[in-house]
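The values are calculated or read from the model by the stated rules, or taken from the named source; none is laboratory data. Worth saying up front: this structure is predicted, and the values here are computed from it rather than measured. Here the Cβ positions follow ideal geometry from the backbone for every residue, glycine too, while neighbour counts run over all protein chains shown. When the accessible area is computed, the model is the full protein with side chains, heavy atoms only, and any ligands, DNA or RNA have been set aside. Shrake-Rupley method; radii C 1.70, N 1.55, O 1.52, S 1.80 Å.
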Amino acid sequence: MNDLKTGEQQHVNPFLHPYQTIHDTIPFPQITLADYEEAMLEGIRREDEQVAMMLAETDEPTFENTLDREDVKDGDKHYYDLLGRVNSVFFNMLSAETNDEMDALAQKMSPILTKHSNDISLNPDIFKRIKHIYDQYHSTGAATDERTTPLKKLTAEEEMLLNNAYDGFVRSGALLDEEGKQRLRELTEEASMLSLQFSQNLLKENKAFTLHITDEKQLDGLPETARQMAAEAAKEQEKDGWVFTLDAPSYGPFMMYSTQRELRRQLYMARNTLCIKENTENNLDICKRLINLRRELAQLLGYETYADYVMKRRMATDVEHVYQLLNDLIDAYKPTAEAERAELKALAKEMEGDDFKMEPWDTAYYSQQLKLKKYNLDPEMLRPYLELSNVIKGVFGLATKLYGISFKENKNIPVYHPDVKPFEVYDKDGSFLAVLYVDFHPRKGKHDGAWMTEFQGQWIEHSGENVRPHVSLVMNLSKPTDDKPALLRLGEVETFLHEFGHSLHGIFSNTHFESLSGTNVWWDFVELPSQFMENFAIEKEFLRTFAFHYETGEPMPDELIDRIVASRNFQAAIGCLRQVSFGLLDMAYYTQKEEFTDDIIPFEKKAWEKAILGKQRTDTCMTTQFSHIMAGGYSAGYYSYKWAEVLDADAFSVFKKEGIFNQDTAQRFRDCILSKGGTEHPMTLYKRFRGGEPTIDALLERNGIRKA
């Protein structure tokens, strides 16, 4: 171990020793930039040592001495899990709290880490052991063949671990010849670097743009909360006036309320031309190269397209089923979406004159005007009742009502930024369940959007100890101002509920193997727990538990809640087609059989044309900022949101029937789905909860497309 001297004190790399913190949480304040690289390299060395120990075994390979080795559990877990622990911190910080130095280190270490991963997945001796075990359990009569010791009878979870291990090696190139393995190394290393570059370019360009206003007249139409946040942003940048950014809490309200059409245009064009300008942050060629790298990787492994490769580990099973879902949704929703669009255009002409031509930067503004006209509902009316601390109580209280769990903020748990709130989560019997970090607000160095991740997964030691997870929930919600607390939009409450659903998937995990715990499930199943939670956002019974005016303490009026419920399907069909369009674009890229040489922008416009309403602009681009499919793990998988929406609507229909706070129903959902992780096939888990397979009916009824 290398110790660094700082003045008179000796700095000890915290990753190289047990943390000695409450719940073994990460000692963030003790970590320096240099610690990451040192710990990564030491972690690689230790994993190589672990592999060497396993391959030195002279006994016949078994499940126990290969896949469930005691020397990497219990007392030795900390020693051998170093790389996993440091990587979880580093790459989470790269999204939530990065800087130029972190970015540079990521560029340096990414190829080293990818090479190490390939060294393991392409090691023929490791695969030989796993294949030997796999063949024993999958050959006819394996359980009765003549052996000196009988085969261990595997549980469903152990069988899933074995199958995942075997499939993982095969899908990572274990059956390729040496030339093929070398080519696969080149493809994965280049893809890793380009994915990282894509994300860094997007973050830099997003944070570089500001709309600086000094004339108060140009704030016309904006609510007080938007003005205050913009004034705070200007103050932070040491500027006069007001600053608006491309972060959602700033961008969304401006596009929805500003009467200044030219400024809306500027903001829209800035947001929708990210990474297509002639500068160092241009992602056009990176996207094209990533598409081709993934296509070549899939074909190297014997698949026609990258989508075919992906579908082998998805509930959808094949490309045809994905297109069937997307096309069915288009057929069901497009007539209603066209009617919604016509209604919107009619209102705009009524307000502006018959010659008015609707542009994309007008949509949010006139949609809000239409919603106000139809339902007398303005999201700003709701903000005073959606103060963040009350929302936290409401969201956490919902979990308490459903599952009996409780949350206790513990400020002794170290955090990586003052904005982060750390909580201990306790089960209904009082036992410790998890650590939950919640990071609410946008800032420099933090990616836009919202996500759930983990600093530590869950698993059960050989000794029987249930190691509990450390879950992190990261969002970009409206910030407090000098004279007001953080007051949220209802859409932000839905975002909170969504990510909290992912968090519960991690918190409730109860599996033996970390690789199968929590959200380690097939990607078109992972959004079920999150989207399921969104359903509660407009339920009267839920809103009445926390929606109180931040100044008077008065509850949100029933008639206002009624208007929220009445407006739940406002432009639902337009929203559905938007998601479908992203799914179509994703599939168009990853069903390519030949080298992709098209220009990204015109290809994009054609790929999703079937789901687009109105004329498209040719000077904007989604692909170059579409992190989900280029750098976020959803390549050939964005359809998962709509696939899971079918599941979540179907699942919530059970709660609607049996009671939205019915604890027996919630316990069944926890036992059958939330606690099981990836231990069984997702449809098996779902059917165990539901009693049958899902249908699209509940979704169509929920969205008002079909009458119940």
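Under 7 Å by Cβ, and 6 or more places apart or on different chains, what pairs join a residue from region 315-327 that is part of a helix (DSSP H, G or I) with one that is surrounded by fewer than 20 Cβ atoms within 10 Å (Cβ to Cβ)?
Within 7 Å, the pairs are VAL319/ASP308; VAL319/THR591.
Across region 208-229, what is the number of residues that are in contact with a Lys or Arg (Cβ under 9 Å, 6 or more places away or on another chain), surrounded by 15 or more Cβ atoms within 10 Å (Cβ to Cβ) and within 21 Å of THR273 (Cβ to Cβ)?
2
From LEU386, LEU372, grab the single residue that is open to solvent by less than 30 Å² (accessible area, probe 1.4 Å), at pLDDT 95 or above and among the hydrophobic types (A, V, I, L, M, F, W, C).
LEU386
Just wondering, is there one or more residues in region 338-348 that are open to solvent by 30 Å² or more (accessible area, probe 1.4 Å), basic (Lys, Arg) and in a loop (DSSP other than H, G, I, E, B)?
Here is the first cut: in region 338-348, the residues open to solvent by 30 Å² or more (accessible area, probe 1.4 Å) are 338-339, 341-343, 345-346.
From what's left, basic (Lys, Arg): 341, 345.
Add one more test, that the residue is in a loop (DSSP other than H, G, I, E, B), and what stays is none.
Checked against the condition, which is being open to solvent by 30 Å² or more (accessible area, probe 1.4 Å), basic (Lys, Arg) and in a loop (DSSP other than H, G, I, E, B), region 338-348 yields no hits at all.
Considering only residues that are more than 17 Å from the chain's Cα centre (by Cα) and of a type in the set (Asp, Glu), look in region 451-479 and name the one that is nearest to HIS512 (Cα to Cα).
It comes out as GLU461.
For residues that are in a helix (DSSP H, G or I) and not aromatic (Phe, Trp, Tyr), scanning just region 10-30, find the one that is surrounded by the most Cβ atoms within 10 Å (Cβ to Cβ). Lay out the reasoning, then the answer.
Narrowing region 10-30 to residues in a helix (DSSP H, G or I): 14-16, 22-24, 28-30.
Still in the running and not aromatic (Phe, Trp, Tyr): 14, 16, 22-24, 29-30.
Numbers: PRO14: 22, LEU16: 18, ILE22: 13, HIS23: 15, ASP24: 16, PRO29: 9, GLN30: 15.
The qualifying residue surrounded by the most Cβ atoms within 10 Å (Cβ to Cβ) is PRO14.
What number goes with the only condition from (1) over 30 Å from GLU359 (Cβ atoms); (2) over 21 Å from the mean Cα position of the chain (by Cα); (3) part of a helix (DSSP H, G or I) that VAL646 does not pass?
Unmet for VAL646, out of (1) over 30 Å from GLU359 (Cβ atoms); (2) over 21 Å from the mean Cα position of the chain (by Cα); (3) part of a helix (DSSP H, G or I): (2).
Residue-by-condition table, conditions (1) part of a helix (DSSP H, G or I); (2) of a type in the set (Ser, Thr, Tyr); (3) crowded, with 22+ Cβ neighbours inside 10 Å:
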{"site": "GLU594", "(1), (2), (3)": "no, no, no"}
{"site": "PRO602", "(1), (2), (3)": "yes, no, no"}
{"site": "GLY633", "(1), (2), (3)": "no, no, no"}
{"site": "TYR641", "(1), (2), (3)": "yes, yes, no"}
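Of all residues in region 604-631, how many are hydroxyl-bearing (Ser, Thr, Tyr) and not in a helix (DSSP H, G or I)? Spell out how you get there, then give the answer.
Taking region 604-631 as the starting set, the residues that turn out to be hydroxyl-bearing (Ser, Thr, Tyr) are 618, 620, 623-624, 627.
Next, only the ones that are not in a helix (DSSP H, G or I) stay: 618, 620.
Residues meeting the conditions: 2.
Residues are listed down the side, and each one gets a yes or a no for (1) of a type in the set (Asp, Glu); (2) modelled with pLDDT under 95; (3) in a loop (DSSP other than H, G, I, E, B):
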{"position": "LYS5", "(1), (2), (3)": "no, yes, no"}
{"position": "GLU37", "(1), (2), (3)": "yes, no, no"}
{"position": "ILE44", "(1), (2), (3)": "no, no, no"}
{"position": "TYR79", "(1), (2), (3)": "no, yes, no"}
{"position": "VAL86", "(1), (2), (3)": "no, no, no"}
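Just give me the residues in region 361-401 being among the basic types (Lys, Arg) and more than 30 Å from GLU424 (Cα to Cα), in sequence order. Before you say what the answer is, go through the steps one by one.
Pass one, region 361-401, residues among the basic types (Lys, Arg): 371, 373-374, 383, 393, 401.
Residues satisfying the conditions are LYS371, LYS373, LYS374.
Looking at LEU55, LEU94, LEU33 in this structure, which one is open to solvent by 50 Å² or more (accessible area, probe 1.4 Å) and closer than 29 Å to ASP448 by Cβ?
On the way: LEU55 fails: closer than 29 Å to ASP448 by Cβ; LEU94 fails: open to solvent by 50 Å² or more (accessible area, probe 1.4 Å).
It is LEU33.
Of everything in region 649-667, what is open to solvent by 20 Å² or more (accessible area, probe 1.4 Å) and closer than 15 Å to ILE405 by Cα? Give them in sequence order.
Taking region 649-667 first, the residues open to solvent by 20 Å² or more (accessible area, probe 1.4 Å) are 653, 656-659, 661-664, 667.
Of everything in region 649-667, those that are open to solvent by 20 Å² or more (accessible area, probe 1.4 Å) and closer than 15 Å to ILE405 by Cα turn out to be PHE661, ASN662, GLN663, ASP664, GLN667.
Given the conditions (1) at pLDDT 95 or above; (2) open to solvent by 50 Å² or more (accessible area, probe 1.4 Å); (3) touching a helix residue (DSSP H, G or I) at 6+ places or on another chain (Cβ under 8 Å), report the number of the one that ARG313 does not fulfil.
(1)
How many residues are surrounded by 24 or more Cβ atoms within 10 Å (Cβ to Cβ) and aliphatic (A, V, I, L, M) when one looks only at region 488-512?
Qualifying residue count, region 488-512: 4.
Does ALA156 satisfy being surrounded by 15 or more Cβ atoms within 10 Å (Cβ to Cβ), touching a residue at least 12 places away in the same chain (Cβ under 8 Å) and of a type outside the set (Asp, Glu)? Steps first, answer last, please.
Details: surrounded by 15 or more Cβ atoms within 10 Å (Cβ to Cβ): no; touching a residue at least 12 places away in the same chain (Cβ under 8 Å): yes; of a type outside the set (Asp, Glu): yes.
No, not satisfied.
Being in contact with a strand residue (DSSP E or B) (Cβ under 8 Å, 6 or more places away or on another chain) and at pLDDT 95 or above narrows it down to one residue among PHE513, PHE570; which is it? Explain how you work it out, then say what you get.
Details: PHE570 fails: in contact with a strand residue (DSSP E or B) (Cβ under 8 Å, 6 or more places away or on another chain).
Result of the check over PHE513, PHE570: PHE513.
Which is surrounded by fewer than 14 Cβ atoms within 10 Å (Cβ to Cβ) and under 27 Å from VAL565 (Cβ atoms), of ARG702, ARG706? Talk me through it step by step, then tell me what you get.
Details: ARG702 fails: surrounded by fewer than 14 Cβ atoms within 10 Å (Cβ to Cβ).
Answer to the check: ARG706.
Just one of (1) open to solvent by 30 Å² or more (accessible area, probe 1.4 Å); (2) farther than 27 Å from LEU490 by Cβ; (3) assigned to a helix (DSSP H, G or I) trips up GLU232, so point out which.
Going through (1) open to solvent by 30 Å² or more (accessible area, probe 1.4 Å); (2) farther than 27 Å from LEU490 by Cβ; (3) assigned to a helix (DSSP H, G or I) one by one, GLU232 breaks only (2).
Inside region 614-631, can you point out the residues that are of a type in the set (A, V, I, L, M, F, W, C) and crowded, with 19+ Cβ neighbours inside 10 Å? Walk me through it before giving the result.
So in region 614-631, the residues of a type in the set (A, V, I, L, M, F, W, C) come out as 621-622, 626, 629-631.
Of everything in region 614-631, those that are of a type in the set (A, V, I, L, M, F, W, C) and crowded, with 19+ Cβ neighbours inside 10 Å turn out to be CYS621, PHE626, ILE629, MET630, ALA631.
Does region 248-263 contain any residue that is open to solvent by less than 10 Å² (accessible area, probe 1.4 Å), among the charged types (D, E, K, R) and at pLDDT 95 or above?
Scanning region 248-263, I find no residue that is open to solvent by less than 10 Å² (accessible area, probe 1.4 Å), among the charged types (D, E, K, R) and at pLDDT 95 or above, so the answer is no.
Could you please give the count of residues in region 170-207 that are of a type in the set (A, V, I, L, M, F, W, C) and surrounded by fewer than 17 Cβ atoms within 10 Å (Cβ to Cβ)?
Step one: filter region 170-207 for residues of a type in the set (A, V, I, L, M, F, W, C), giving 170, 174-176, 184, 187, 191, 193-194, 196, 198, 202-203.
Then keep just the ones that are surrounded by fewer than 17 Cβ atoms within 10 Å (Cβ to Cβ); that gives 175, 193.
Going through region 170-207 one residue at a time, the tally reaches 2.
For the subset of region 58-68 comprising residues that are open to solvent by 50 Å² or more (accessible area, probe 1.4 Å) and either assigned to a helix (DSSP H, G or I) or without any contact (Cβ under 8 Å) to a residue 40 or more places away in the chain (or both), which member is nearest to HIS462 (Cα to Cα)? Show your work before the answer.
Quick first cut of region 58-68, residues open to solvent by 50 Å² or more (accessible area, probe 1.4 Å) only: 58-60, 64.
Those still in the list that are either assigned to a helix (DSSP H, G or I) or without any contact (Cβ under 8 Å) to a residue 40 or more places away in the chain (or both) too: 58-59, 64.
Working: THR58: 23, ASP59: 21, GLU64: 11 Å.
Only one residue tops the list, namely GLU64.
Just one of the numbered conditions (1) among the hydrophobic types (A, V, I, L, M, F, W, C); (2) under 25 Å from LEU543 (Cα atoms); (3) surrounded by fewer than 24 Cβ atoms within 10 Å (Cβ to Cβ) is not true of PHE432; which one?
(2)
Please tell me if LEU293 is more than 19 Å from HIS447 (Cα to Cα) and either open to solvent by less than 30 Å² (accessible area, probe 1.4 Å) or at pLDDT below 95 (or both). Spell out the reasoning first.
Values: more than 19 Å from HIS447 (Cα to Cα): yes; either open to solvent by less than 30 Å² (accessible area, probe 1.4 Å) or at pLDDT below 95 (or both): yes.
Answer is yes for this residue.
Taking the condition of being surrounded by fewer than 20 Cβ atoms within 10 Å (Cβ to Cβ) and touching a helix residue (DSSP H, G or I) at 6+ places or on another chain (Cβ under 9 Å), how many residues in region 454-479 meet it? Even if it seems obvious, please write down each step before you answer.
So in region 454-479, the residues surrounded by fewer than 20 Cβ atoms within 10 Å (Cβ to Cβ) come out as 455, 460-467.
Pick out the ones that are also touching a helix residue (DSSP H, G or I) at 6+ places or on another chain (Cβ under 9 Å) and you get 455, 461-463, 465, 467.
The total comes to 6.
So, of the residues in region 494-512 that are touching an Asp or Glu at 6+ places or on another chain (Cβ under 9 Å) and not in a loop (DSSP other than H, G, I, E, B), which turns out to be farthest from ASP68 (Cα to Cα)?
GLU494
Looking at (1) modelled with pLDDT of 95 or more; (2) among the hydrophobic types (A, V, I, L, M, F, W, C); (3) more than 30 Å from ILE673 (Cα to Cα); (4) assigned to a helix (DSSP H, G or I), which one does ALA143 not meet, given that it meets all the others?
It fails just one condition, (1).
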